Number of protein chains: 2
Amino acid sequence: MYDFDAFLDETREHVNRALTAVLDDYLTGVDEWLTEPIRYACEGGGKRFRAILFLASYEVSGRAPDHRVSRLATALEIVHAYSLVHDDLPCMDDDDWRRGRPTCHRAFGAERATIAAAAMVPLASWVVAEEARAMGLPAAESAVLVAELSEAAGPQGMVGGQVLDLISEGQAVTGDELVEIHRRKTGALIRAAARLGGRVGRLTPPILQAVTDYGERVGLAFQIADDVLDEEGTTASLGKDAHSDRELGKATYPGVFGMERARAEARRLADEAIAALRRAAIASPALEGLAIHVVERES
Amino acid sequence: MYDFDAFLDETREHVNRALTAVLDDYLTGVDEWLTEPIRYACEGGGKRFRAILFLASYEVSGRAPDHRVSRLATALEIVHAYSLVHDDLPCMDDDDWRRGRPTCHRAFGAERATIAAAAMVPLASWVVAEEARAMGLPAAESAVLVAELSEAAGPQGMVGGQVLDLISEGQAVTGDELVEIHRRKTGALIRAAARLGGRVGRLTPPILQAVTDYGERVGLAFQIADDVLDEEGTTASLGKDAHSDRELGKATYPGVFGMERARAEARRLADEAIAALRRAAIASPALEGLAIHVVERES
């Protein structure tokens, strides 16, 4: 029988090792004033959901990810870690706790945290471009990988979503506006994780499209589940400040639709994600497990 | 006779138009909360030295840059504009004036300036990857372009140099350490501008190497000339806070070696840059003019 929890734990360990190796290589000779907050932000635990999703999507190709594929996957975690450092900054959400430890700016000061965050975005692009080249990917693909990751991270994606999130604080938002915020803030990078893994695995266009459809739904479900957890969790269980969304007057799914509809919607999206795979005859216990995990996790 | 000033003015206008078009295209549908500070940071004047250098380097191929080439060149200005926003932030140098106007955070607040800066790095990578693809460059080249730009912008390059610059404040530095700070903080992006233009122009390896040698020297000369200008200029002539380096106790060439040796060293580097071109039989009045301009400019 397929052991999803074992897959999750083993792949997370695998990602953690690859990430440490990538940071060792790419930060050689860089001053510890900069490498310490980058390492702190990247290595301090975390679910590694985006890199694991990338690898599960890659495995749809039928091949097991090798050393290089895992290294490329870490770029998604570097972008994600950057977004957390950035989001937590005093001039943004001003949070104190993240992944069960002080936030990066609490540990290193706003100056080191800000500059570390700024370094992490080009670092991630560089990792993708270099690793794609090193693994001998068809070269057109390398450029597409960086373009898709950059689009997902940039003003049309994650950063744009953070902006919508900020400017909607304390405002009434419609359900459509909320979905748009989620789609950019969280969905774009999760969708990119699924697509990039599929691209590196050289999935055929219809299979890649199914994985994309899956990634879009899982991305939205992920953010709704996050909002539900923020409402019902404690700072201890989450490892970050609980109820911070509500205090900031953020637009959340439970806030707009109530907890019950929020939970149901997350579940519906996870089901739709799985249905998208099955329609394309993709048999991936890992991707199906991840979709369910997203809405059933406790942190 | 070659009219360098006309070349500079025309090319600058050309870059400004391309940059506006790129921002129009790539920021479509993004909220003005984010697009306003990005546009303010990118469009508020500036010498456009990096994009002009890119285009002059491209022209070594013997072809005139078309529409797409100019669009790609603007990525260098986006990265450069990002670095200025970032450098000026309250948690960094805390400057009030830039390009003759209030700095981005003075105009829009630290929150909008910080998030705009964060959006500009993936934006630049995205522009390079998309424009390279649109112009039908050999695809291996597209990946190399993004990798080189990201390396130049990241912890091994510009951001790493900003860090060395910060941690050396108020410290005694050796000449070698100073060169290393300059090489990363300013040199890496200028070198990348020269190389990327050459790569897009598909220069042969020895010609690209000569352009790289040129770019390295011009990058160092540029920073030394900047430090000299900071010492002798006024806020009105520079359009940014004058004497701010000295007040911050920054490591500068005039500070370590005195004004006279600083001026002589900048000039020597410009001469070496031109010599590197001539040894490779590159006849480029534009590149030669830029090297001289760097050390003779008044702002």
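We did not get these values from a lab; they are worked out from the coordinates using the rules stated. Note that the coordinates shown come from a computational prediction; the quantities given were computed from them, not determined experimentally. All Cβ positions, even for glycine, are placed from backbone atoms using ideal geometry, and neighbour counts span all protein chains on display.
Quick one: net charge around A:Q209, please, counting Lys, Arg +1 and Asp, Glu -1 for every other residue with C-beta under 11 Å from its C-beta.
Net local charge, A:Q209 excluded: 0.
Translational diffusion coefficient of the protein assembly as shown at 10 °C, 1.306 mPa s, Stokes-Einstein with Kirkwood Rh over Cα pairs, in µm²/s as a whole number.
In µm²/s, the coefficient is 65.
Work out how far the C-alpha atoms of region A:4-296 reach from end to end along every principal axis, then list the three figures in whole Å, largest first.
50, 49, 34
Obtain the nm distance between the two label points defined at B:A172 and A:A140 by a simple spin-label model: each point lies 7 Å from its Cα along the Cα-to-C-beta direction.
6.0
Inter-copy label distances at A:D94, 7 Å along the Cα→beta-carbon direction, one decimal in nm, shortest first?
Those separations, rounded to one decimal, come out as 1.8 nm.
Calculated from DSSP H runs of 4 or more alone, at -39500 (n - 2.57) each and per residue, what is the 222 nm mean residue ellipticity of chain A, nearest 500?
Taken over chain A, the calculation gives -23500 deg cm²/dmol.
Taking amide H positions as placed in the peptide plane 1.01 Å from N, state which residues far from B:D94 in sequence (5 or more) or on other chains have amide H under 5 Å from it.
Hits under the 5 Å cutoff: B:L89.
Roughly how crowded by other chains is peptide A:17-30, in terms of the mean Cβ count from those chains within 10 Å of each of its Cβ atoms?
For this peptide, the per-residue mean of nearby foreign Cβ atoms is 2.
Could you give me the radius of gyration and the Dmax of region A:1-130, taking only the C-alpha atoms into account and expressing both in angstrom?
Rg, Dmax (Cα atoms, Å): 15.1, 50.
Every other copy gets compared here: list the nm distances from the B:A64 label point (7 Å along Cα to Cβ) to its counterparts, shortest first, one decimal.
5.9
Once Lys and Arg get +1 and Asp and Glu get -1 on their Cβ, which of A:L145, A:L220, A:W97 lies farthest toward the positive end of the dipole of the protein assembly as shown?
Toward the positive end, the furthest listed residue is A:L145.
Given +1 on the Cβ of Lys and Arg, -1 on the Cβ of Asp and Glu, and no further charges, what dipole in debye does the protein assembly as shown carry about its Cα centre, rounded to the nearest 20?
My answer is approximately 1760 debye.
Quick check: Cα centre of region B:18-92 to Cα centre of region B:1-16, how many Å?
The two parts, judged by their Cα centres, are 17 Å apart.
Please work out how much length the chain gains when fully extended from A:M1 to A:R68, using 0.36 nm per residue of separation minus the C-alpha to C-alpha distance, in nm with one decimal.
The span from A:M1 to A:R68 would gain 21.3 nm if fully extended.
What is the average number of partner chain Cβ atoms found within 10 Å of a Cβ in A:161-167?
4
Mind checking which helices in chain A clear 20 Å along their axis (Cα) and have mean Kyte-Doolittle hydropathy of -0.5 or more, DSSP H runs only?
A:4-26, A:67-88, A:104-134, A:139-153, A:205-232
For A:K185, give me every one of the lysines with a C-alpha distance below 22 angstrom, ignoring sequence neighbours fewer than eight places off in its own chain.
A:K47, A:K240, A:K250
Give me the percent of Cα-Cα pairs in region A:80-185 that sit more than 18 Å apart, rounded to a whole number.
The calculated P(r) of region A:80-185 puts 58 percent of pairs beyond 18 Å.
What is the packing order of peptides B:85-91, A:113-119, A:17-23, taking the mean over residues of other C-beta atoms within 10 Å and listing the highest first?
Descending packing order for the listed peptides: A:113-119, B:85-91, A:17-23.
If I take every Cα pair under 8 Å that is 6 or more residues apart in chain B, average their sequence separation and divide by the length, what percent do I get for the relative contact order?
19
Tell me the distances, shortest first, between B:A140 and the same position across the other copies, using label points 7 Å along Cα→Cβ, in nm to one decimal.
1.6
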